[in-house]
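Please read the structure below before turning to the comments.
The values are calculated or read from the model by the stated rules, or taken from the named source; none is laboratory data. Please read all numbers here as calculations on a predicted model, not as lab measurements. With ideal geometry, Cβ positions are generated from the backbone for all residues, glycine too; neighbour counts draw on all protein chains shown.
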Amino acid sequence: MCECCGTKKDIYLPQLATVNKVRMMNGTELYVHLSMDDGELGYKPGQFVEVSITGMGEAPISISSSPTQKGGFELVVRKIGNVTNAIHKLKTGDKIGIRGPFGNGCYPVEQAKGKDLVFICGGIGLVPQRSFINYVLDNREKTAGMAMSVSLPL
């Protein structure tokens, strides 16, 4: 059972996901919007998934969208190896394997409520923080008093 979302799926077996949208962010980073073929992924800010490409292998990629987003999730992938090069060739409608989510969701969501937040990040380091940033923005009514400053929006 997945501890994150409480479903009975096996997070160690790849599940199919469909590519909904791809967009180059710059010369090396690709934005990918995916949806799980069997429902929602279920994750916490700061978690990652293993992305598998048939015949190529798999690579760990941070989830960059907020878990409040329904109908899919977002990844930003840097082109640096065989698997990530294959991910950069994906087109809308393609299928890939997703395992996870993994990691403990490193952001202190409960402790942040009512606090001022400052996010300092740059480059590809913004991707995992973007999940928590968007989570905070999506939950402003629940996090009254949460002011924040973001240095580099994605």
Within the range 94-133, track down each residue that is more than 20 Å from residue 22 (Cα to Cα), touching a helix residue (DSSP H, G or I) at 6+ places or on another chain (Cβ under 9 Å) and part of a helix (DSSP H, G or I).
-> 109, 112, 132, 133
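Out of 85, 104, I need the residue that is under 29 Å from residue 14 (Cα atoms) and either modelled with pLDDT under 90 or outside the structural domain of residue 32 (by TED's automatic domain parsing) (or both). Which one?
Numbers: 85 fails: either modelled with pLDDT under 90 or outside the structural domain of residue 32 (by TED's automatic domain parsing) (or both).
104 is the lone residue from the list that is under 29 Å from residue 14 (Cα atoms) and either modelled with pLDDT under 90 or outside the structural domain of residue 32 (by TED's automatic domain parsing) (or both).
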Which ones in the range 58-75 are of a type outside the set (Phe, Trp, Tyr), touching a strand residue (DSSP E or B) at 6+ places or on another chain (Cβ under 8 Å) and within 12 Å of residue 34 (Cβ to Cβ)?
-> 61, 63, 64, 65, 71, 72, 74, 75
If you check residue 91 against the conditions, is it in contact (Cβ under 8 Å) with a residue 40 or more places away in the chain and in contact with a helix residue (DSSP H, G or I) (Cβ under 7 Å, 6 or more places away or on another chain)?
-> no
